[in-house]
Amino acid sequence: MAAGNPILQIDNITLAFGGVTALNGISFDVAEGEICAVIGPNGAGKSSMLNVINGVYVPQEGRVVFKGQDCTRMRPRQIAQLGMARTFQNIGLFQGMTVLENILTGRCMKIRSTWLEQGLNIGRARREEVENRRAVEEVIEFLHLQGIRKTPVGKLPYGLQKRVELARALVAEPTMLLQDEPMTGMNLEEKKDMSCFALEINREYGTTIVLIEHDMSVVMDISDHVVVLDYGAKIGDGTPDEVKNNQDVIDAYLGVTH
Amino acid sequence: MGFDWVFFTELIVGGLMSGVMYSLVAIGFVLIYKSSGIFNFAQGTMLLFAALTFVKLTEGGVNFWVALPVSMGTMVVFGILVERFMMRPLANQSLLSLFMATVGLAILIEGLAQYMWDSAIHGLQLADFLDLALLDPVNMTIFVVDYIEWLDILISKFDIFATIVAGTMILILAVFFQKTRTGMSLRAVSDDHLAAMAVGIPLSRVWALVWAVTGIIALIAGLLWAERVSVSFTLVEAVLKALPVILIGGLTSIPGAIVGGLIIGVGEKLGEIYLGDLIGVQGIETWFSYFIALVFLLFRPSGLFGLKTIERV
Amino acid sequence: MIYRETGTFITSYLEDRKLFPIPFDKWAMAVFMLFMVFVVPFIASDYWLAAHLIPILAYGTAALGLNLLTGMTGQLSLGTAGFMCFGAFFTFNIMLRSPEWMNLPLAMMLAGSVTGVIGIIFGLPSIRIKGFYLLVSTLAAQYFALWFFRSYPYFLNYATATVTLPDHHFDFYGIGDVFGVDMASFEAKYLMSLGVVSALALFAKNLMRSATGRNFMAVRDMDIAASVIGIPVIRTKMLAFFVSCFYCGVGGALFCYAYLQVLGIRTFEMNRSFEILFMAIIGGLGSIAGSFYGTVLVYEFPILFSWAGDYLFGGAFDTAVVDNVAKITYGILIIALLIREPGGLAALWATAKQKLRTWPFPH
Amino acid sequence: MDTFLSLLLERARKSPDVPAFRTKQMGIWNLTSWSQARDQVSILAQALGQNGVEAGTPVGVFGPNATDFYLGYLAVQSLGGIVVPIGTNTFGEELGQQVHSADVEHVFAFEQQHVDALLECGQTCVKRIFYINGRGMENYTQPELMLLSDATEGIEASAAFLEQMEGQRNPQETATILFTSGTGRSERPVELSHGALIATARSIARRETITEKDELLAYLPLSVSSDFLFSFSLALTTGCTLNCPESDDTVLQNMQEIGPSVLFGPPYVYKYIYTHASNRIESARTFDTKIYKSALRAVMTVASHRAAGQKGSFTDWLLFMFARMTTFSPFCNIYGLSRLRLALTGGDAIAPDVFNFFRAIGIDLRETYGQVEGCACVTMQSSEDWNSDSVGLPLDDTEVRIENGEIWFRGPGQMKGIYKNPEATADSIKDGWVRTHDAGHLDDQGRLHVHGQIARMGSLNGGGAFASDMLETRLRSFEYIKQAIVLGDERDYPVAVVTVDGTITRTWADRRSLRYTGYADLSAHASVQEMIREYIQKVNEDLAEDPETSGMQFRRFAILNREFMASAGEVTPTRKLRCHEIEEKHRGLIDALYSDALEYTYTDPVDEESYTVPLGNV
C-alpha cells in the first residue's frame, strides 16, 4: 500500500498484562519516510503498541523488525542506538533539569569522552560539549525555544514542555520518530504548530514518523498512512481517505457496540 | 557427628518466634507506607518512645493497667500531632522529602524521649508485671522467664507469650482493615489518594488514624522487644532489622510483612549457626538478614507480595 | 540587589558553561578561596582547625559523595559510614604496607578507588531494585563493613579497638623538612584536606555539568525515559555508585587521618551514616555546594546550641538536657525546613539569590 | 560629504577591530568588527553586482534584524542601489504592494518563510531572490531563487573594490526607500538620500555625544524608518555597536544581556515595560509592594518638582536618592536599562504617566517628533524637558514653522521625494518646506507641540472641536487600557473602542477572584467594564475642566473582545493603530455605539467565532 521500503515491520504482536490482553495479533508496516498515524479510541492499546516498538514492553508473541533487525527483545537503549527516538504521552522530561540540559541529554549517544575526561574538563570532553551544544542550538532554533533555554522544564506550560520533549528526541538525529499523543491537551494553535513541526521534520530530515493520536481529525491531514486500533485489535489500515470511509472505524469512533 | 535435629528445630522455632516479632514491627512500617507512600524512618524511635513512656510510668509506681492505656493514649495523641504538623503541610511533596521528614521526626522523638525521661538504659521485666497484673489464678507462673520443654526442645515461655500477643495484634489489625469501614477507607487511600479524596474520604483523618495505630503497635512491639534488648537506643537499631522483613514482603503488604518476618527470623538463625560455621567467622547475623532480603529482591524487585507495577509511559 | 547582570553576554558556548557565569560570584569565590588558603592557617587556632574546619572538610567530602548518589542519581543510601570505613581502612593499610614512595593523597585516591569498586558491588542490586527497596543493599554494605573489619583484625594491624595513625604517614617526600613545616601539624593537615576537598568538589562540579552529570540526573528523574533516549541506565548507576563511594572513601580517610588521628571501627557506626544523610538532606540534595552548607549546619548546630545554652543559662542545665533539647530543635528544624523548602539550604540560598537578582519584583 | 560606504571604509580603516555588529544566533552573540564588515560587504557587493544590481536599482532587504541584513544594506548602497527594507513579518497584499510600488526586482531574503511570502505575494516583478538559509528549500526549483552562498562562491574580499565604488558614490544618491506608516493616508514610498540620513544621525549624535563605546539595540522591523535612522544610520555615523536580538520573543532578555546605552522605542515599548513592571509588583508580597510604592512616590515627587521647575526639600531629595539606589537601580538592571543613558521615543504620542515614570526612575527619556519624510526625526527634547507635552527643539540646521495650524519643516534631513511620483512630491514639498499633515504649535522657547494628525481632527455635529489623537493618548495613559481608538468627527458625540491589557487585567481579576475563561470573556466582564468606566469618567472630569476640551467628553465606549492585531491589518509595525482599517472592520460595532444598544454581537473574522461585546455608557 505505502510506497517505499518498510523500515518498520510489526508482525503479529500480542501483548498481555496478567490476564488483560492489550494487543492482539497486530501487524502492520511503516514505510521509510512516511508519516504513519496510529489512531484509536481511549484504551485501544495505542500506547502499548508504541512501548512494544521501542522496547519498553516485551510482547508475548510476534516480532518487531526495525531496519531489517529483529528488535523484539532489545532493550530500549539498543533500539535508540538503531536510530529510534520517541516522545511520551505524559511528558517524559527530566523535571529537575533546565530546557537546555534536557535537550542535551538527547545527545547522550554521541558522547565519546569518558567520565574522567568530563570530570577533569579536558580535551575531548570540552570539545564534545561545544559540538553537542551546537547541535542542540539548531533544534532550539528549529522549534523556536530560544526564550527558555535556562528555564527549569517544570515551570513551563504543557504545550512548551511537549515541544522541549520533541526537541530532545530530534537532537539525537533519529531515522524514526515515535510521538505519543503529541497534541493532546493543546489548544488549536499549538496543535497546528505541532503538526507543522511533524511535517517539517518529515520533509527536511526525511525522518519517518509514527504518531499516536486520539483525535482523528488532527492527524488525517498530515499522515500518509493510518492504522486504526480498537480494543487491542487492528480494525483499519490504509491511506487517510480509505480509513475515513471504513465502516469499522466509523463504528469504533461513534461508539457502536459490537 | 550427626545432624542435631533437636537443635535445628529449636532454631527454627526460635527463628519463627522472633520472626513474628519482626512482623509486628514491620506492620507498623507497612501501614504508613500503604496509606501515604512514606517509608517511616521514625518507627524505631517511636518504639523507644513508647517503651520509655511505659517504663517510666511503671518505674514511678503506676499500676500496669493504668500505665498501659496512658501510654497508648500518649501514642494516639502523638499520631494526631504528627498528622497535623508534619503530614498535612508536606502533603504534596516528593516521597523523598517525606522520608527525610520522618528522619527529622526520628531525631525529634529521640531527643524528646530522652528529655522527658532520661537516656539511661532501662531493663524491662515485662513478665513480672504480667504475673502481678494477671494475678495468675492457678499460680502456673506461665509468664516467668522460664523455658518449657517439649520433645527435648527448649522454648522460652516469654517468647511464646510474645508470639501470641504479636500474633493476636496482627490478627486484630487484619480484621480491622479488612472488615471495618475505617479500614476500608485506609485501603482506598492506599490505592489512590486522589480518587479517595474524590469520593469523600477525609485523607487527614485516615492519616491521623494510621499514625495513631502505628503508635500503638510501636508500644506493644516496643514492650516485647524491650524485654529482649532493653530500653535504649539499641531498640532503634533493632528496628532496622525489620527493614529486610518488609522489603522481602513488599512494602505494601501486611501478609508480606508476616511471611517476611518468618523468613528473616528463621534465615537469620540458620545463617548465623550454619553459614557462620562454614566460613569460620562469627557475627554474620548483623548483615545476613540484609543479604537474604537482597537475594529475594533480586528475583522479585517489589518483594514477595508487593504490587508488581506496570510502568506506564 | 547586589547583582548587576545587565551587560553580561556570552560569545561562545564555553563561556556559557563557565562555573561562575555572574562575575560577582566568581570574585566572591576567588576571595573566599584565597582567604581559606592564605589567611585561615595563620589566624585560626589549633582548636578551630582541629575541631571545626578539618572535620567539616572531611564530613563535607562524604556528604558530597552521598549527594552524588542520592541527590544526583536518586539512589537512596544508608551505607555511607560503611563506605567511609572501607576508605579509611584501605588508606591505612596502603600507607602501612607499601614502599617509601607512597604518599597520603595518593593512598587516599587508591583506597577511594577500591571503595568505589566495593560500592559497585553493593550497587549491583540497583539494577533490579528501586526506591526504598534499595536501602537494604546499602544497609548491608554498612553492616558488612563493620563486621568485616571486626572479623579480620589484620586490617587494623592487630591492634585492639583503635590504632593511632603515625605522623610519618603525613610526610610528603620530605617536603616539610625542606620548608621547615611540620607535615603532621593541624595547619598542614588542614591545607591537605582543603586541597583534596577542593579538587574533588571541582571534579564533581565538572562532572555534573557534563554528559555524565546529565545522565545521573536523567536516571534520577525518570529512568524509563532515560533508557528510551539511549542513556545506559545500568552503567550510569554503577558509575554513580563508584564515584559516590570514591568520595565517601576519601572522606573516611580524611576523617581518620586529618580529624580523629586514630582509626577504629566504632567511628563508622550506623549513626555516622545518618549524620551524613542529614548533612546531604539539609544542605540540599542535588547540590554540590549544598553538601557543604549542610555539613556546616549539622556539624556546628549542636556545638552552637550547647555554647548558646552555656552562654545564656550559664550552665544552669545539665549537658544531657542541652543535648536533648538540641536534638528536639534539630528535628523540628529538619521538618520545618522540608515543609518550607524541600531543596534544603542550597535551595534556600538559591531563592535568596534569586530574590536579590529580581528585587523589587517577586520573581 | 559622506555616503554610508565611505563611513564604513573610514571605520574599517580607523578602528578595524572595534565591534560593529553583534547578533545573537544559536544562543551566542556573534561579533562582526568593522574590518570584517567591510570584507563581507565587499563580497556581497561583488556578488550583487554580478547579478545585475547597479546604481539606482531598488533591492528589497527582507528579514529579521541581523548583521547580515545591515551588511546587505551596505552592499546594495555601495553599488549605488536603493535599499528597500521589508519587515520580517510582512506578507501577502502588503508585501506585494511594497514590492510593486518600489519596483523591487532583487530581494535579499532570509529563509524559506520569506521566500514563500515573496513567491506568494502575487507580484511577478521580482527577478532574483537571494536567500541566506537554505533549510527546507531543497525542492525549490524556481529560477529566480539563488542561495547566497552560491552567489558569493569564489569571490574574495576586496577593499579595493569598495574603494573604487566609493569614488562613484554621491551623497545625493538615494540610500533607501521607506514607506510612510499608513495610519491615515495610503503607504507611500519615500526616497531618502545618504546625505539626509547621515546629517540627521550626526545631528543627534553631536547633541548627545554618541560615540564608538555606545551600544544600540536593533529590534524594530527593518521597514520602520526609526530602525533605519536610530539603528543603521546612527551606528555607521558614530561607530557604536549595533546589537540584534535572537528572535522576537527574546528582545527583553537580550536587552538585559547587552544593556544598550542608547535606545529608541515607540511608546508601546515603554508602556510595555511600565505595565509589565506594575503587573509584576502586583503579585509581590505586600511588604515588597509597599516599599516599591513608597519608592515610586519618592521619585515621582521630585520628578514633579522638577517638571514644575521648583526646588524640592532636602528630605525629598534624600528619599529620592535612596529610592533610586535601592529600588530603581535594581529595577533598571532587571529590564536591561542600567547602562541606558539616552532613551528615545517617537512616532506616536507617549502617555504622560509612562513618560513621567521613566523620567522619575532615572531614565533620560526624550520625545522626538519625526516623519519618514524627514528621516524619522525632526525635533527632539533635551534632558531638561521634564514634560511630555512638547517634542523639543528642531535638530541642527532644521527649521519648523506652523502654517494654518499645520507643521512644516525643512532641513538637511528632508526627503528627496516620493518615489516615481512627482505629483505627490510636489504636494508634499512646497518651496523647499515639507508638509507633515500634523497640527501643532511652537511655544515661546521654540519648542514644538504636536496636537495630532490634521485628518483626525474635526468637529462634532454640535459644532465643538474634536481631536481623536489627544483623547486616545489620554485613554492609553491608563495601564489597563492597551489600545484605544476614539471616534467623533462629524458625529454627535465622542465614543471609544478600547482593548484591555491581558496580563495586567488578569492579575487584577485574579486578585478579585473573578471568574473568566479567557481574554474575550475577561474583557466582557462587568467588573472590568466598571473599572474602565470609572477611568473614562475621570478623563471626562479632566476634560470638563478645560473649556477647550469640555465638549469632547465621552458618552459611550466598548471593550473589544481581542486586541487590535497586526495580522488583521489593524496595527502598523510600530503598533500604531490603523484607524481607517479599524473603522472599516468594526463598522457594525461603531454603529451600535451610536445607538442605544447595550451590547453588540458579531462574528469576528479573525477566528470566526461569535462574540458579544457589551457597550457601556459613561
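Against the test of being touching a Cys at 6+ places or on another chain (Cβ under 8 Å), of a type outside the set (Asp, Glu) and not assigned by TED's automatic domain parsing to the domain that holds residue D:477, the options D:299, D:262 yield a single qualifying residue, D:262. Of all the listed residues (A:135, A:169), the sole one being touching a residue at least 60 places away in the same chain (Cβ under 8 Å) and in a helix (DSSP H, G or I) is A:169.
Within region B:201-239, the set of residues being small (Gly, Ala, Ser), out of contact with any Phe, Trp or Tyr (no Cβ under 7 Å at 6 or more places or on another chain) and modelled with pLDDT under 75 comprises B:226, B:230, B:232. Working only within region C:191-226, note down all residues that are of a type in the set (Ser, Thr, Tyr) and within 23 Å of residue C:48 (Cα to Cα). Once the filter is applied, which keeps residues that are of a type in the set (Ser, Thr, Tyr) and within 23 Å of residue C:48 (Cα to Cα), region C:191-226 yields C:193, C:198. Output yes when any residue across region D:320-332 is surrounded by fewer than 22 Cβ atoms within 10 Å (Cβ to Cβ) and either assigned to a loop (DSSP other than H, G, I, E, B) or of a type in the set (A, V, I, L, M) (or both), and no when none is. Yes.
Yes/no matrix, rows are residues, columns are (1) surrounded by fewer than 20 Cβ atoms within 10 Å (Cβ to Cβ); (2) touching an Asp or Glu at 6+ places or on another chain (Cβ under 6 Å); (3) within 26 Å of residue A:195 (Cβ to Cβ):
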{"site": "A:11", "(1), (2), (3)": "yes, no, no"}
{"site": "A:16", "(1), (2), (3)": "yes, no, no"}
{"site": "A:25", "(1), (2), (3)": "yes, no, no"}
{"site": "A:30", "(1), (2), (3)": "no, no, yes"}
{"site": "A:59", "(1), (2), (3)": "no, no, no"}
{"site": "A:65", "(1), (2), (3)": "yes, no, no"}
{"site": "A:77", "(1), (2), (3)": "no, no, no"}
{"site": "A:80", "(1), (2), (3)": "no, no, yes"}
{"site": "A:88", "(1), (2), (3)": "no, yes, yes"}
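The one condition from (1) crowded, with 23+ Cβ neighbours inside 10 Å; (2) at the interface with another protein chain (Cβ under 9 Å from one of its Cβ atoms) that residue C:209 does not meet is (1). Within region A:49-83, the set of residues being facing chain C (nearest Cβ under 8 Å) and among the charged types (D, E, K, R) comprises A:75, A:77.
Residues in region D:116-144 that are free of Cβ contacts under 8 Å to residues at least 60 places away in the same chain, surrounded by fewer than 18 Cβ atoms within 10 Å (Cβ to Cβ) and either more than 14 Å from chain A (Cβ to nearest Cβ) or assigned to a strand (DSSP E or B) (or both): D:119, D:120, D:122, D:123, D:124, D:125, D:141, D:142, D:143, D:144.
Yes/no matrix, rows are residues, columns are (1) surrounded by fewer than 20 Cβ atoms within 10 Å (Cβ to Cβ); (2) of a type outside the set (Ser, Thr, Tyr); (3) away from chain D (no Cβ under 14 Å); (4) within 16 Å of the chain's Cα centre (by Cα):
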position	(1), (2), (3), (4)
A:188	yes, yes, no, no
A:202	yes, yes, no, yes
A:207	no, no, no, yes
A:240	yes, yes, yes, no
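Of the residues making up region C:16-31, those that are within 14 Å of chain D (Cβ to nearest Cβ) and either touching a Phe, Trp or Tyr at 6+ places or on another chain (Cβ under 9 Å) or farther than 24 Å from residue A:121 by Cα (or both) are C:22, C:24.
Taking first residues from region A:210-239 that are farther than 12 Å from residue A:47 by Cα and partners that are crowded, with 23+ Cβ neighbours inside 10 Å and basic (Lys, Arg), the Cβ contacts under 9 Å between residues at least 6 apart in sequence or on separate chains come to A:227/A:234; A:228/A:234. Being over 23 Å from residue C:224 (Cα atoms) and away from chain C (no Cβ under 11 Å) is a property that holds for residue A:32.
The residue list D:346, D:374, D:370 contains one member that is under 27 Å from residue D:250 (Cα atoms), buried (at least 23 other Cβ atoms within 10 Å of the Cβ) and within 20 Å of the chain's Cα centre (by Cα), which is D:346. Does region C:220-237 hold any residues that are more than 7 Å from chain A (Cβ to nearest Cβ) and out of contact with any Ser or Thr (no Cβ under 6 Å at 6 or more places or on another chain), and which are they? Correct list: C:223, C:226, C:234, C:235, C:236. The set of residues from region D:402-429 being assigned to a strand (DSSP E or B) and loosely packed, with under 12 Cβ neighbours inside 10 Å comprises just one member, D:403.
Return yes when residue A:40 is over 15 Å from the mean Cα position of the chain (by Cα) and surrounded by 20 or more Cβ atoms within 10 Å (Cβ to Cβ) and no when it is not. Judged against the criteria, residue A:40 is a match. Only a single item in (1) modelled with pLDDT of 95 or more; (2) under 14 Å from residue C:241 (Cα atoms) is not met by residue C:74, and it is number (1). Here residue D:303 does not qualify as in a helix (DSSP H, G or I) and modelled with pLDDT of 90 or more.
Table: residues versus (1) free of Cβ contacts under 8 Å to residues at least 60 places away in the same chain; (2) outside any loop (DSSP other than H, G, I, E, B).
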| residue | (1), (2) |
| --- | --- |
| A:78 | yes, yes |
| A:90 | yes, no |
| A:109 | no, yes |
| A:125 | yes, yes |
| A:144 | yes, no |
| A:147 | yes, yes |
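Just one residue in the set C:320, C:326 is surrounded by fewer than 19 Cβ atoms within 10 Å (Cβ to Cβ), among the small types (Gly, Ala, Ser) and within 14 Å of chain B (Cβ to nearest Cβ); that residue is C:320. Checking D:309, D:265 one by one, the residue that is over 20 Å from residue D:323 (Cβ atoms), surrounded by fewer than 19 Cβ atoms within 10 Å (Cβ to Cβ) and not acidic (Asp, Glu) is D:309 and no other.
Note on region D:456-468: residues that are surrounded by fewer than 22 Cβ atoms within 10 Å (Cβ to Cβ) and either within 16 Å of residue D:564 (Cβ to Cβ) or touching a Ser or Thr at 6+ places or on another chain (Cβ under 9 Å) (or both) total 4. Within region C:32-45, identify whether any single residue is within 14 Å of chain D (Cβ to nearest Cβ) and of a type in the set (Phe, Trp, Tyr), and answer yes or no. No, region C:32-45 has no match at all.
Close contacts from region C:2-25, counting a first residue that is more than 15 Å from residue A:150 (Cα to Cα) and a second that is part of a loop (DSSP other than H, G, I, E, B) and of a type in the set (S, T, N, Q), with Cβ to Cβ under 8 Å and a gap of 6+ residues or different chains, come to C:4/D:338; C:6/D:338; C:7/D:338; C:23/C:8. A single member of C:97, C:150, C:128 is of a type in the set (D, E, K, R) and in contact (Cβ under 8 Å) with a residue 24 or more places away in the chain, and it is C:150. Of the helices (runs of 4 or more DSSP H) entirely within region C:249-363, those holding at least 1 residues that are in contact (Cβ under 8 Å) with a residue 60 or more places away in the chain and among the aliphatic types (A, V, I, L, M) occupy C:270-283, C:288-313, C:344-358. Against the conditions (1) within 12 Å of chain C (Cβ to nearest Cβ); (2) in a helix (DSSP H, G or I); (3) in contact with a helix residue (DSSP H, G or I) (Cβ under 9 Å, 6 or more places away or on another chain); (4) not hydroxyl-bearing (Ser, Thr, Tyr), residue A:86 satisfies every one except (2).
The values are calculated or read from the model by the stated rules, or taken from the named source; none is laboratory data. Bear in mind the structure is a predicted one, so any value in this text is a computation, not a measurement. Please note: Cβ atoms are built from the backbone with ideal geometry, for glycine as well, and neighbour counts cover all protein chains shown.
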